Amino acid sequence: MMHREHTRTVKIGGRVIGGGAPVLIQSMTNTRTEDVEATVAQIRRLEKAGCEIIRCTVPTMEAALALGEIKKQIGIPLVADIHFDYKMAIAAMENGADKIRINPGNIGSQERIKAVVDTAKERGIPIRVGVNSGSLEKELVEKYQGVTAEGIVESALDKVKIIEDLGYDNLVISIKSSDVLMCARAHELIADRTDHPLHVGITEAGTLYSGNIKSAVGLGMILSRGIGDTVRVSLTGDPVEEIRSAKLILRTLGLRKGGIEVVSCPTCGRTKIDLIRLANEVELMAEEYPLDIKVAVMGCVVNGPGEAKEADIGIAGGIGEGLLIKRGEVVKKLPEGELLEALRQELEHWGHE
């Protein structure tokens, strides 16, 4: 059964998740939220890259107040990330947050949790209940003899029950671990026990290299099983890279259409053009065009022409030159230095021939 087809729908600003809606891409700013100018600039870069929901940390009252000005200047839903201080959660909602992320376990007393929930209820603001394996309660670690998928799930559902018992069920659940297999197992378990939408990610995945591999494997396992309504690829680096990776993961799984798919050969001793540089430049250029096509960048005369002909448009390298191939036909032969611009011109006029 596809879990995401049967989750509750939750409205976050102008977007909807759950109930079979498209899986949305999230990221988180790494600027000081109090610095409105820097935060807005980063969010706009993320929006341009394809980010659909953005989260900002709210560690101070100044940050909570800054959300109001930030929200005026961006076009995607804004989520406030809250830790420990319930007053920050309330202030964030009062200043325009479209959703808040909390762990009720570190907010404090029942009275404080109720104050947060009452504000959310009054304003119709969804609450994301987040639990990470690294902060699993001592009792659950002892119960399951270590940090386990079962313990993570029990912790998350306990937190959900706290809020539901206060009469509010406009919730999204997030359970994360840096252990890929544990994270995948936890999502399988919780999908059988709740119909709240799930935000999925491999937390603290790592650098651009290791983080992408862990995220692709983990998110691939989870999403391919029909689990997950929003997604974040957590990387140590520029958050724009998270968006690029998330889009590719979703497209690879058939959960996202559109965007140019770039394929390129791994290079070998037959390659006589600077294919690595060219392929990277084509991939960056392709992000500028909202086309649902395949572009091939191939390096030699053995497989290049055939592979390029299978794509909508492609380049097949020769000795310091290459063929431009379009819809299976050779268009022209060009010097290596002219191939990128020739491809750009074809993309500029694609569909208008």
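Per residue, how much accessible surface does the chain expose to a 1.4 Å probe? Answer in Å², no decimals.
Value for the chain: 45 Å² per residue.
Using modelled backbone amide H atoms (1.01 Å from N, in-plane), which distant-in-sequence or interchain residues come within less than 5 Å of residue 313's amide H?
So residue 313 has HN proximity to 294, 296, 327.
Could you give the C-alpha radius of gyration of region 147-199 expressed as a fraction of 2.2 N^0.38 Å, taking N as the number of residues it contains?
That works out to 1.11 for region 147-199.
Once the Cα atoms of region 122-220 are picked out, what are the Rg and Dmax in Å?
Considering region 122-220 through its Cα atoms, Rg and Dmax are 14.1, 44 Å.
Carbon and sulfur atoms: what percent of the 1.4 Å accessible area of region 62-188 do they account for?
In region 62-188, the share of accessible area belonging to carbon and sulfur is 47 percent.
Taking the Cα centroid of region 1-54 and of region 249-294, what is the distance between the two, rounded to the nearest whole Å?
One Cα centre to the other: 25 Å.
Placing one identical point scatterer on every Cα of region 1-136 and ignoring solvent, what is log10 I(q)/I(0) from the Debye formula at q = 0.19, 0.21 Å⁻¹?
Scattering profile of region 1-136, log10 relative to I(0): -1.12, -1.30.
Send over the semi-axes of region 85-145's equivalent ellipsoid, whole angstrom and largest first, taken as the square roots of 5 times the C-alpha gyration tensor eigenvalues.
Working from the Cα gyration tensor, I get semi-axes of 26, 12, 9 Å.
Once amide H atoms are placed 1.01 Å from N in the peptide plane, what residues at a sequence separation of 5 or more from residue 291, or on another chain, have their amide H within under 5 Å of its amide H?
Amide H neighbours of residue 291, under 5 Å, 5+ apart: 259, 260.
At residue 9 and residue 236, where each label point lies 7 Å from the Cα along Cα→Cβ, what is the point-to-point distance in nanometres?
Computed distance between label sites residue 9 and residue 236 equals 4.2 nm.
Mind checking which lysines have their C-alpha under 30 Å from residue 87, skipping anything on the same chain fewer than 8 residues away?
Leaving aside lysines fewer than 8 places away in the same chain, those within reach of residue 87 are 11, 71, 72, 99, 114, 121, 138, 159, 161, 176.
Along the three principal axes, how long is the chain when you take its alpha carbons, biggest first, rounded to the nearest angstrom?
That works out to 73, 45, 32 Å along the principal axes.
The values are calculated or read from the model by the stated rules, or taken from the named source; none is laboratory data. Keep in mind it's a predicted model, so treat the numbers as computed, not measured. Quick reminder, even Gly has a Cβ in these numbers, built from the backbone with ideal geometry, and neighbours come from all protein chains shown. For the accessible areas, the whole protein counts, side chains as well, though only heavy atoms, and no ligand, DNA or RNA atoms are used. Shrake-Rupley method; radii C 1.70, N 1.55, O 1.52, S 1.80 Å.
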